[in-house]
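J.: The structure that follows is given in the form of structure tokens.
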Amino acid sequence: MKIVRYQIEDSINWGILEDESIQPVTFPNLEPHGAKLSFSGVKLLAPANPSKIVCVGRNYVAHIEELGNKLLSEPGLFFKAANALTFSGDTVPYPSWTESFHFEGELGLVMKSRASKVSYEDALSHVLGWTCALDLTARDKQKTDLQWFRAKGADKFLPFGPHLETNLKPQKTRVQTRVNGVTRQEGTTDKMIFDVAFVIHYVSQFMTLEPGDVVITGTPEGVGELHVGDLVEVEVAGIGILKAQIGEKA
Ligand code: MG
């Protein structure tokens, strides 16, 4: 099942994709309400409504090695805020304050239900759906700022979508990032050091995850520089393709 979030006039809603139409549904229970809508007149949005965006850094060994970092004994977590979310196909201006703007393609998820102190075994039952995420990063500022607040959390630093897929096995799925059609990252999620269920279990021991919250799960090796005019695509097998166009410096 494919879940979308959309805007029609001033109203933001959730829906289920059905062929050429959208069935409006409640969030997060996905109960149908109202008549089906056609795509015309509907603006699709990033499929998340988070109180927080929890991100995992350094979760693939080959990516840790390519940046010369150390293996962590527990998940390396950081935040983005909701200002970072942007929808597939949107243009992201190249930030004027960085000289090193990097792509990181990742598997992302949105929570369905409140998760506090959940077990490893129950963790995935709290997930509503899965999608493609692009963890944009100002690599130079990540190294020199006190925290990753700006380097990871600036406006539009998380292209996310295009929809949530409910039917996905996150234990082994392929994550590929292309820049201008050239494959730059290719990994599978079974190479994660801390798998998705462990990340949710771990975070929930000290921070309650709420319905609509986002988790992004780390990037495989192959990260690199973006330039004005680049088209980035993140494809997660079984979900679809997220696109982001890098715009003029601003
Ligand atoms: Mg990342």
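The values are calculated or read from the model by the stated rules, or taken from the named source; none is laboratory data. None of these values were measured; they are calculated from a predicted model. All Cβ positions, even for glycine, are placed from backbone atoms using ideal geometry, and neighbour counts span all protein chains on display. The area values use the complete protein model at the heavy-atom level, side chains included, leaving out ligands, DNA and RNA. Shrake-Rupley method; radii C 1.70, N 1.55, O 1.52, S 1.80 Å.
J.: Can residue 86 be described as of a type in the set (Val, Ile, Thr), open to solvent by less than 30 Å² (accessible area, probe 1.4 Å), under 27 Å from residue 246 (Cα atoms) and in the same structural domain as residue 233 (by TED's automatic domain parsing)?
T.: Yes; evaluated as a whole, the condition is true for this residue.
J.: For segment 129-152, does any single residue satisfy the condition of being assigned to a loop (DSSP other than H, G, I, E, B) and basic (Lys, Arg)? I'd like the intermediate steps shown before the answer.
T.: Start the filter on segment 129-152 by keeping residues that are assigned to a loop (DSSP other than H, G, I, E, B), which leaves 135-136, 145-148.
Right, trim to basic (Lys, Arg) and you get none.
Within segment 129-152 (the criterion being assigned to a loop (DSSP other than H, G, I, E, B) and basic (Lys, Arg)), the answer is no, since none of the residues qualifies.
J.: Sticking with this one: In segment 39-63, which residue that is assigned to a strand (DSSP E or B) and over 20 Å from residue 197 (Cα atoms) is nearest to the ligand (Cβ to nearest atom)?
T.: 45
Listed here are the residues, each with its yes/no results for (1) within 26 Å of residue 152 (Cα to Cα); (2) surrounded by 14 or more Cβ atoms within 10 Å (Cβ to Cβ).
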position: 28; (1), (2): no, yes
position: 33; (1), (2): no, no
position: 48; (1), (2): yes, yes
position: 61; (1), (2): yes, yes
position: 69; (1), (2): yes, no
position: 75; (1), (2): yes, yes
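J.: Only residues in segment 37-60 that are not assigned by TED's automatic domain parsing to the domain that holds residue 151 count as the first member; pair them with residues that are modelled with pLDDT under 95 and within 16 Å of the ligand (Cβ to nearest atom), Cβ under 6 angstrom, at least 6 apart or cross-chain, and list the lot.
T.: Once the first residue is not assigned by TED's automatic domain parsing to the domain that holds residue 151 and sits in segment 37-60, no partner that is modelled with pLDDT under 95 and within 16 Å of the ligand (Cβ to nearest atom) comes close enough.
J.: Let me ask you something else. Please find, within segment 151-164, the residue that is farthest from residue 243 (Cα to Cα) out of those that are more than 15 Å from the ligand (Cβ to nearest atom) and open to solvent by 10 Å² or more (accessible area, probe 1.4 Å).
T.: My answer is 155.
J.: Evaluate the following for residue 134: is it within 12 Å of the ligand (Cβ to nearest atom) and either without any contact (Cβ under 8 Å) to a residue 24 or more places away in the chain or open to solvent by less than 60 Å² (accessible area, probe 1.4 Å) (or both)? Even if it seems obvious, please write down each step before you answer.
T.: Numbers: within 12 Å of the ligand (Cβ to nearest atom): yes; either without any contact (Cβ under 8 Å) to a residue 24 or more places away in the chain or open to solvent by less than 60 Å² (accessible area, probe 1.4 Å) (or both): yes.
For residue 134, the condition - within 12 Å of the ligand (Cβ to nearest atom) and either without any contact (Cβ under 8 Å) to a residue 24 or more places away in the chain or open to solvent by less than 60 Å² (accessible area, probe 1.4 Å) (or both) - is met.
J.: Separate question: Which of the residues that make up segment 188-226 are in contact with a strand residue (DSSP E or B) (Cβ under 6 Å, 6 or more places away or on another chain), within 13 Å of the ligand (Cβ to nearest atom), within 15 Å of residue 173 (Cα to Cα) and open to solvent by 10 Å² or more (accessible area, probe 1.4 Å)?
T.: Correct list: empty.
J.: Follow-up. Out of (1) away from the ligand (no atom under 16 Å from the Cβ); (2) open to solvent by less than 10 Å² (accessible area, probe 1.4 Å); (3) of a type in the set (A, V, I, L, M); (4) farther than 30 Å from residue 115 by Cα, what's the single condition that is false for residue 232?
T.: Going through the list (1) away from the ligand (no atom under 16 Å from the Cβ); (2) open to solvent by less than 10 Å² (accessible area, probe 1.4 Å); (3) of a type in the set (A, V, I, L, M); (4) farther than 30 Å from residue 115 by Cα, residue 232 breaks only (1).
J.: Among the residues of segment 65-92, which ones are assigned to a helix (DSSP H, G or I) and at pLDDT below 95?
T.: Step one: filter segment 65-92 for residues assigned to a helix (DSSP H, G or I), giving 65-66, 82-84.
If the condition is that a residue be assigned to a helix (DSSP H, G or I) and at pLDDT below 95, then 65, 66 are the ones that fit.
J.: Step by step: first the residues of segment 4-29, then only those that are free of Cβ contacts under 8 Å to residues at least 60 places away in the same chain and assigned to a loop (DSSP other than H, G, I, E, B), then the one that is nearest to residue 78 (Cα to Cα). Which residue is that?
T.: Applying the filter and picking the extreme gives 29.
J.: Further, regarding this structure: Identify, from the list 141, 117, 112, the residue that is in contact with a helix residue (DSSP H, G or I) (Cβ under 7 Å, 6 or more places away or on another chain), open to solvent by 40 Å² or more (accessible area, probe 1.4 Å) and at positive phi.
T.: So the residue among 141, 117, 112 that is in contact with a helix residue (DSSP H, G or I) (Cβ under 7 Å, 6 or more places away or on another chain), open to solvent by 40 Å² or more (accessible area, probe 1.4 Å) and at positive phi is 117.
J.: Taking the options 80, 141, 70, name whichever one is within 15 Å of the ligand (Cβ to nearest atom) and free of Cβ contacts under 8 Å to residues at least 60 places away in the same chain.
T.: The conditions single out 141.
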